[in-house]
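The structure under discussion appears below in the form of structure tokens.
Rule-based calculations on the coordinates, nothing more; no lab input. Not measured: the values here are computed from a predicted model. With ideal geometry, Cβ positions are generated from the backbone for all residues, glycine too; neighbour counts draw on all protein chains shown.
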Amino acid sequence: MSASYMLERIGGMTKDPVSENKILRHRLDEFIAEARKNERKMRRFQSLELKLIGLSSVHDLINAVLSPDYATFRWDEVTLLLLDPEYEIQRALEEEGVDLREMPHLMFASDSDDLSAHYQMSLFPTLGPYRARQHANLFPARRRTPGSVALLPLVRQGKLIGSLNVGSYNAERFVRGVRTDFFEHLSAIVSICLENAVNIERLKRQGLTDTLTAINNRR
């Protein structure tokens, strides 16, 4: 927002230079406060993203995605729906000793249609009020019903591989029309990290499988 733009906005309101300066100063203070707020938000998101980039275990990555620091983000509900038609991710978690029944906020889809139903318009984050008919299956273990939600598509090579779902008990927290830059970047990072973790697990499995007998050599 330039000074000339702000002057245009207040043009015609008053011819008093002192009043004009006060109004301009007030608008400038608002602009600076908003810029500082966005900078703090960016740092919070960057901190989470750097943490995710440093993880290679499927289990550790999913745990970090589902458990962001509440004091930092104030997200009341976080769930993850992953496309896993070959049971690959679930198998990797089970081999790490994870009991999937103890992870109610982690869900799996065997068909891409289960995911695309939530992103019919575009592969960009969707913000808006919670609608039971649309969102109940994305928040099955909720403590309370969210007032508003943010759905973040996880996309690789133009295809949906999952959905990161954030709920707030505040109906005004996630509203349509606001910018979603930080959410877009986060969903891209989560998508890349997830693909990387799955590929690492795949390579481990290949290394533990006898190439002649296809028998797992894990001890």
Problem set entry | Restricting the stretch 46-88 to residues that are assigned to a strand (DSSP E or B) and touching a Leu at 6+ places or on another chain (Cβ under 7 Å), the residue that is surrounded by the fewest Cβ atoms within 10 Å (Cβ to Cβ) | VAL78
Seminar exercise, completed: Those residues of the stretch 123-147 that are within 16 Å of LEU164 (Cβ to Cβ), of a type outside the set (Phe, Trp, Tyr) and outside any helix (DSSP H, G or I) come to a total of 9
Seminar exercise, completed: All conditions in (1) within 21 Å of SER47 (Cβ to Cβ); (2) exposed (fewer than 13 other Cβ atoms within 10 Å of the Cβ); (3) acidic (Asp, Glu) are true of GLU172 except (1)
